[in-house]
């Protein structure tokens, strides 16, 4: 079944039980669209993921523009409903433009430049598509006249309902609307007291009568409506003419909205149903992690590694083999069309296939006189027409002898592999699986059976051939034990190779489960340790930040005190404040380095207060020492060398910085050039010594020296700002300079 053909796509969707999922997905489209997005799939996926990262409202439901554009091309007149379809699309794109997004979505929205002429049309439509009659005085006046006439009609009908003459004929006092005509419901014989036209009969035999007394008002309304319709037509004609000139812009919006609709439907469907967006990769490998088929509720997530050419699924009846096959094909189909699904997107990998083919249903058909096996052969013959396809076959040996089928299908599978096909099959029989089990390009998978409780688990184990548990299944579904036991006797022992494979598979299953349990336990321990380390690291970091902030605050407080003292010009207060600041700086602790001293025979050592010589060594920790003619066994930790240990030559470099800069610079009595030279040296020294604020005295005098100081400070690159000093510090005769 080619997925490029519409009817065959529908067939495949039904075969894979995806109909409900796809129908639900299509509800998120603003207008009907194909599942496949034409063009570069990688680029489409980038836009989808970028859109997935932002919050936005869904677009409105929009009609197809094919007929609209055709009318404009032929200079026809559009109806207001058709015009509003265009307005809805443009308004939605403007909403997105106003979000001022970055990245590829923002760049995309920048391409929409709305023509000013379009606003001349758009302004006449409300948010729900009604015509803004208030923008036209004539329409507004006509609308008021219609309301007036309707009010007259209601008043006339109310008078009739309260009339004494008519009261005995009235079935109820309500005003009914029948075929757009206001009517009263009356009994037979009403014509003696009421003149009017019968417009209908009630189920109880009453008459719906439109009184003649409101005919004049109705005629007025019809006349006014005709006038309004003529005005509306002129507007529609004018709007259509303007839109015809904007046809390239409308076509662009139509094309881009179709693309955007495909993107937003996938994003909002995934968000609404908590699904993942996955695109097929450029290979044929399939790895599913925590995948759940959309048709299943409360299902166990499956894990499949289908990296090889063939996957053979065996095992218990009703154990989920067919649904596993459908899950693999469904995942490939949904990844091909970027349809959201339930799985672990970070650990899953789904390849790309030109065709996805499914042989699942029983092809037997009485009408065309074809058997199950013959129908299967017809379906297999069609598979040979394709290349690079993913093929799923349920019950591959259905309809014929299993031994003959095993040989036939082994050769068929070999030929399909040569044609680049990737095949997943299910089977109850082990013959084919046994024939292909030792191949490197074949992956085995078995449905697991709970032998203790005698029920399938709907879980799967890779690398083994599973038993079908036909006898157990028969017992579970009501076949008597006597019949089952007789069948077991008739069946006898199977082939040695098959028994060996099954036994090996069971052993592998147990070993793998044990390993998984150990790995899971170890992994949980590591995760717990990781959490503890992270918590400890965060705690230490917080304590460190707290201590740093405390030190920073205390030091800044002391520095501010020093600055205040500097502004006051009190040198003693300056030094006192700086000393206080330095005291608050953290003191660097020097760690003592413990040096391991090695001892050897012949070393002169001191043992307690006695001197001696090492005459023997037991090991590194114990020595025999001869002290004043006696030999003593002593720990080396109690010994000290008595000879001088040569130290390595050391070079000491001392850097003396002459702190010449003060906080004041007095330029009184100097010439301008001499003053700038002294001031330049003073500022350099102040920068070296770390001062960020100094004061320069130049006096008032003739103003030449003050002018020279201002020019110099203005051009100096390290001077942030300067200003006249406060009155108590010199006023206009001094400058307070910030470095």
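The values are calculated or read from the model by the stated rules, or taken from the named source; none is laboratory data. In this text the structure is predicted, and so the values were computed from the model without any measurement. No Cβ is skipped: glycine too gets one built from the backbone with ideal geometry, and neighbour counts run over all protein chains shown.
When residue 84 is evaluated against the numbered criteria (1) assigned to a loop (DSSP other than H, G, I, E, B); (2) surrounded by 13 or more Cβ atoms within 10 Å (Cβ to Cβ); (3) out of contact with any helix residue (DSSP H, G or I) (no Cβ under 6 Å at 6 or more places or on another chain), which criterion, by number, is the only one it fails?
(1)
Please go through the stretch 339-349 and pick out each residue that is in contact with a helix residue (DSSP H, G or I) (Cβ under 9 Å, 6 or more places away or on another chain) and either surrounded by fewer than 22 Cβ atoms within 10 Å (Cβ to Cβ) or in the same structural domain as residue 263 (by TED's automatic domain parsing) (or both).
Passing the criteria: 342, 348.
May I ask you to verify whether residue 433 is in a helix (DSSP H, G or I), crowded, with 16+ Cβ neighbours inside 10 Å and modelled with pLDDT under 70?
yes
What are the residues in the stretch 621-645 that are surrounded by 11 or more Cβ atoms within 10 Å (Cβ to Cβ) and part of a loop (DSSP other than H, G, I, E, B), if any?
642
Within the stretch 141-170, how many residues are in a loop (DSSP other than H, G, I, E, B) and surrounded by 15 or more Cβ atoms within 10 Å (Cβ to Cβ)?
1
Can you tell me which of 595, 559, 574 is in a loop (DSSP other than H, G, I, E, B) and modelled with pLDDT under 80?
Checking each option against the conditions leaves just 595.
Quick check on my filter: what residues within the stretch 293-314 are within 20 Å of residue 334 (Cα to Cα) and in a loop (DSSP other than H, G, I, E, B)?
Hits for the stretch 293-314 are 293, 294, 295, 296, 297, 299, 300, 301, 307.
What's the number of the condition residue 478 fails, among (1) assigned to a loop (DSSP other than H, G, I, E, B); (2) modelled with pLDDT of 75 or more?
(2)
Conditions tested, residue by residue: (1) free of Cβ contacts under 8 Å to residues at least 60 places away in the same chain; (2) over 30 Å from residue 194 (Cα atoms); (3) in the same structural domain as residue 216 (by TED's automatic domain parsing).
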{"residue": "102", "(1), (2), (3)": "yes, yes, no"}
{"residue": "129", "(1), (2), (3)": "yes, yes, no"}
{"residue": "142", "(1), (2), (3)": "no, yes, no"}
{"residue": "168", "(1), (2), (3)": "yes, no, yes"}
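Please pick out the residue among 728, 668 that is closer than 17 Å to residue 563 by Cβ and either touching a strand residue (DSSP E or B) at 6+ places or on another chain (Cβ under 7 Å) or outside any loop (DSSP other than H, G, I, E, B) (or both).
Testing whether each residue is closer than 17 Å to residue 563 by Cβ and either touching a strand residue (DSSP E or B) at 6+ places or on another chain (Cβ under 7 Å) or outside any loop (DSSP other than H, G, I, E, B) (or both) leaves just 728.
Let's see how each residue does on (1) in a loop (DSSP other than H, G, I, E, B); (2) at pLDDT below 95; (3) over 22 Å from the mean Cα position of the chain (by Cα); (4) surrounded by 14 or more Cβ atoms within 10 Å (Cβ to Cβ):
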site	(1), (2), (3), (4)
7	no, yes, yes, no
17	yes, yes, yes, yes
24	no, no, no, no
29	yes, no, no, yes
34	yes, yes, yes, no
38	yes, yes, yes, no
71	no, yes, yes, yes
75	yes, yes, yes, no
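Hey, any hits in the stretch 200-209 for a residue that's crowded, with 17+ Cβ neighbours inside 10 Å and part of a helix (DSSP H, G or I)?
Looking through the stretch 200-209, none of the residues is crowded, with 17+ Cβ neighbours inside 10 Å and part of a helix (DSSP H, G or I).
Spot the failing condition for residue 242; the list is (1) part of a loop (DSSP other than H, G, I, E, B); (2) surrounded by fewer than 17 Cβ atoms within 10 Å (Cβ to Cβ); (3) touching a helix residue (DSSP H, G or I) at 6+ places or on another chain (Cβ under 7 Å), and only one is missed.
Status for residue 242: all satisfied but (1).
Given (1) over 18 Å from residue 116 (Cα atoms); (2) in contact (Cβ under 8 Å) with a residue 60 or more places away in the chain, identify the lone condition not met by residue 241.
Of (1) over 18 Å from residue 116 (Cα atoms); (2) in contact (Cβ under 8 Å) with a residue 60 or more places away in the chain, only one is false for residue 241: (1).
So that you can scan it fast, the table gives a plain yes or no per residue for (1) under 60 Å from the mean Cα position of the chain (by Cα); (2) in contact (Cβ under 8 Å) with a residue 12 or more places away in the chain:
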residue	(1), (2)
120	yes, yes
149	yes, yes
157	no, yes
165	no, yes
182	yes, yes
191	no, no
199	no, yes
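If residue 181 satisfies all but one of (1) under 30 Å from residue 232 (Cβ atoms); (2) surrounded by 15 or more Cβ atoms within 10 Å (Cβ to Cβ); (3) modelled with pLDDT of 90 or more, what's the number of the condition it fails?
Unmet condition: (3).
Look at residue 93 and say whether it is in contact with a helix residue (DSSP H, G or I) (Cβ under 9 Å, 6 or more places away or on another chain), farther than 29 Å from residue 48 by Cα, in the same structural domain as residue 43 (by TED's automatic domain parsing) and surrounded by 17 or more Cβ atoms within 10 Å (Cβ to Cβ).
no
Got a number for residues in the stretch 208-234 being more than 30 Å from residue 194 (Cα to Cα) and in contact with a helix residue (DSSP H, G or I) (Cβ under 8 Å, 6 or more places away or on another chain)?
The number of residues fulfilling the criteria is 4.
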